[in-house]
Structure formats: C-alpha cells, structure tokens
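Reading through the structure tokens given below for one structure.
The values are calculated or read from the model by the stated rules, or taken from the named source; none is laboratory data. Since the model is a prediction, treat every value here as computed from it, not as a measurement. Note: ideal-geometry Cβ built from the backbone for every residue, glycine included; neighbour counts use all protein chains shown. These area figures cover heavy atoms from the full protein model, side chains too; ligands, DNA and RNA do not enter into them. Shrake-Rupley method; radii C 1.70, N 1.55, O 1.52, S 1.80 Å.
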Amino acid sequence: QVQLVESGGGLVQAGGSLRLSCAASISIFRFNLMAWYRQGPGKQREWVASISDIGISKTSDTVKGRFAISRDIAKNTVYLQMNSLKPEDTAVYYCNAGGDVKYWGQGTQVTVSS
C-alpha cells in the first residue's frame, strides 16, 4: 500500500552534485524516520542520512559536510543533496521509511566518474 519512488540518480563527474528525491505515496509524517541508504559494488548496504518526523537530520561521518537530507512535507518528498561527489560514492541509493513497519524504494543508481 505504501510506495516510495526514488529519482534523480545518474552519471556525474567527480566534484559534481546531484539531488535525489524520494516521493512517498502517503504523508511522510506517518513515518518515525525517513532515511537514505546506499550499496556500492561489493559492499554492504550502509546508512547515509536520516530525518525524523520532527525534522531532526543526521548524516554519516563518511558524507558529513557533503550530503544533506531535507524534506518537503507538502510534496511527501525527502531529498538527498549530494555535493563534492567522489568515485567512492558510486552506489545504488535507496530510500527507507520506517516506524513499526519498514518500507524501501526500488533504488536509484548514482555513478561518479573520475
């Protein structure tokens, strides 16, 4: 019943920027936490950033200072602004929404070239 749709991925050169979007089919207030995860080649899925229902945001140390999570409540959408991209940021990025039940988007590919 709940759908999360990511968009905004693509190919970008190192040092470039990209903004990912996660559009939810219901109000994001319904979730305790909205988050972005990523899974690079040969790696485990890792947490990147999250924003709580009251608007508290956090980012992993790996991306701190370069990535920022934000939301547009009226659009039921969470964003991940990615700046100063590095080749090691290459991964499939997934949107996650959770409370008692967790939901995942289909993922969007981000490829950063050297």
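A few comments on the model shown:
- Antiparallel DSSP beta bridges within the chain, as percent of all bridges there, nearest 5: 90
- Just so you know, the Cα atoms of the chain work out to an Rg and Dmax of 13.2, 41 Å.
- The relative contact order of the range 1-103 comes to 35 percent, based on Cα pairs under 8 Å that sit 6 or more residues apart.
- Total formal charge among the other residues, if their Cβ is under 10 angstrom from that of Tyr37, Lys/Arg +1 and Asp/Glu -1: +1
- Protection-proxy order for peptides 3-11, 38-46, each taking the mean of Cβ atoms within 10 Å per residue, highest first: 3-11, 38-46
- Packing around the peptides 77-84, 21-28, taken as the average count of other Cβ atoms within 10 Å per residue, puts them in this order, highest first: 77-84, 21-28.
- Accessible carbon and sulfur surface of the range 1-100 relative to its total accessible area, %, 1.4 Å: 47
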